[in-house]
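**Student:** Take this structure, written in structure tokens, and hold onto it; I'll ask about it next.
The values are calculated or read from the model by the stated rules, or taken from the named source; none is laboratory data. Worth saying up front: this structure is predicted, and the values here are computed from it rather than measured. FYI the Cβ positions are ideal-geometry reconstructions off the backbone, even for glycines, and counts take in every protein chain you see.
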Amino acid sequence: MLRPKLKVAILISGRGSNLQALIDRFGPAIPGSPIEIVLVLSNRPGAFGLSRAEKAGIATRTIDHKGFADRAAFDAALDTAIRAAGAELVVLAGFLRLLTDGFIAGWQDRLVNIHPALLPAFKGLNTHARALEAGVRFHGCTVHFVRPDMDSGPIIAQAVVPVRPEDDENSLGLRVLAAEHRLFPQALRLIAEGKVRVENERAIVTDAAFAGGILYNPLGA
Ligand code: GRF
């Protein structure tokens, strides 16, 4: 029997290059997509990602956090909009607001984030500069379920890129971003296909092709 499409809301704050990677794989123009993007929601008016969604024919909303007295009120408005759109999974794709514990609890194991580092290393901001500063040889990105502690939660997938001696923040960031654009759609596809579950705070992926996890050949990256 054909599995119904997983209804997904994508939250953004800015340029939306990860959103674009998801539209390219799962947007209305893609036949046989296991995912339907039912809403793209930005907390920033005029975020470039909104126009990417509009161009693809996807519903958009802007809920400006500045219009709310506190985080709880803002998150309640987010929650209402997401549920009204019928979303079953919430995807943070460069959404630059911390979410309240209440919101996160309401989407337990149905709220996914992409972080531009190999968690649990380099949580927070400026991950590429900090990776260079630390002198690590490998860097990358992580897709994970969201928990109340910032940038924590069961890890679904990671991709690794090399750090080259001549790298600066920009060159390293671009290499990681290219990996994000490959990893995020693959991780969401696994979820949509029912191949990801959480046990004892670890994400278990049951997919033969994914048995060893995704590792992009660092030397080829
Ligand atoms: C990405 O690096 C993502 O990992 C981080 O925010 C950035 C968003 O970039 N959470 P974009 O808006 O998808 O281009």
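**Student:** Step by step: first the residues of the range 192-210, then only those that are touching a strand residue (DSSP E or B) at 6+ places or on another chain (Cβ under 7 Å) and outside any strand (DSSP E or B), then the one that is nearest to the ligand (Cβ to nearest atom). Which residue is that?
**Tutor:** Here the answer is A192.
**Student:** Still on this structure, please answer the following. When you scan the range 65-163 for helices (runs of 4 or more DSSP H) that lie fully inside it, which ones turn up with 2 or more residues that are crowded, with 21+ Cβ neighbours inside 10 Å and modelled with pLDDT of 95 or more?
**Tutor:** 71-84, 127-134
**Student:** Let me confirm something: among A93, A87, A131, A105, which residue is of a type in the set (G, A, S), away from the ligand (no atom under 12 Å from the Cβ) and closer than 18 Å to I35 by Cβ?
**Tutor:** A87
**Student:** Would you confirm whether any residue within the range 75-82 is in contact with a strand residue (DSSP E or B) (Cβ under 6 Å, 6 or more places away or on another chain), not charged (D, E, K, R) and not assigned by TED's automatic domain parsing to the domain that holds G135?
**Tutor:** If we filter the range 75-82 for residues that are in contact with a strand residue (DSSP E or B) (Cβ under 6 Å, 6 or more places away or on another chain), which is where we start, we get 81-82.
In the following step, the residues that additionally are not charged (D, E, K, R) were identified as 81-82.
Next, from what is left, pick out any that are not assigned by TED's automatic domain parsing to the domain that holds G135: 81-82.
The answer is yes, given that some residue of the range 75-82 is in contact with a strand residue (DSSP E or B) (Cβ under 6 Å, 6 or more places away or on another chain), not charged (D, E, K, R) and not assigned by TED's automatic domain parsing to the domain that holds G135.
**Student:** Among the candidates A53, A59, A29, A72, single out the residue that is outside the structural domain of C141 (by TED's automatic domain parsing), aliphatic (A, V, I, L, M) and under 30 Å from E201 (Cα atoms).
**Tutor:** Only one candidate qualifies: A72.
**Student:** Consider N18 carefully, then state whether it is in a strand (DSSP E or B), touching a residue at least 24 places away in the same chain (Cβ under 8 Å), polar (S, T, N, Q) and within 16 Å of the ligand (Cβ to nearest atom).
**Tutor:** Working: in a strand (DSSP E or B): no; touching a residue at least 24 places away in the same chain (Cβ under 8 Å): yes; polar (S, T, N, Q): yes; within 16 Å of the ligand (Cβ to nearest atom): yes.
No.
**Student:** Another question, then. Kindly indicate which of A129, A59, A72, A47 is within 17 Å of the chain's Cα centre (by Cα) and either within 30 Å of V163 (Cβ to Cβ) or touching a residue at least 12 places away in the same chain (Cβ under 8 Å) (or both).
**Tutor:** On the way: A129 fails: within 17 Å of the chain's Cα centre (by Cα); A59 fails: within 17 Å of the chain's Cα centre (by Cα); A72 fails: within 17 Å of the chain's Cα centre (by Cα).
After ruling out the rest, the residue left standing is A47.
**Student:** Here's another thing I want to ask about it. For the range 75-85, state whether one or more residues are in contact with a helix residue (DSSP H, G or I) (Cβ under 6 Å, 6 or more places away or on another chain) and among the aliphatic types (A, V, I, L, M).
**Tutor:** Checked against the condition, which is being in contact with a helix residue (DSSP H, G or I) (Cβ under 6 Å, 6 or more places away or on another chain) and among the aliphatic types (A, V, I, L, M), the range 75-85 yields no hits at all.
**Student:** For the range 180-191, give me each residue that is touching a strand residue (DSSP E or B) at 6+ places or on another chain (Cβ under 8 Å) and either surrounded by fewer than 21 Cβ atoms within 10 Å (Cβ to Cβ) or of a type in the set (K, R) (or both).
**Tutor:** Correct list: R182, Q186, R189.
**Student:** Condition test on G140, is it over 15 Å from L19 (Cβ atoms) and in contact with a helix residue (DSSP H, G or I) (Cβ under 8 Å, 6 or more places away or on another chain)? Talk me through it step by step, then tell me what you get.
**Tutor:** Working: over 15 Å from L19 (Cβ atoms): yes; in contact with a helix residue (DSSP H, G or I) (Cβ under 8 Å, 6 or more places away or on another chain): yes.
Judged against the criteria, G140 is a match.
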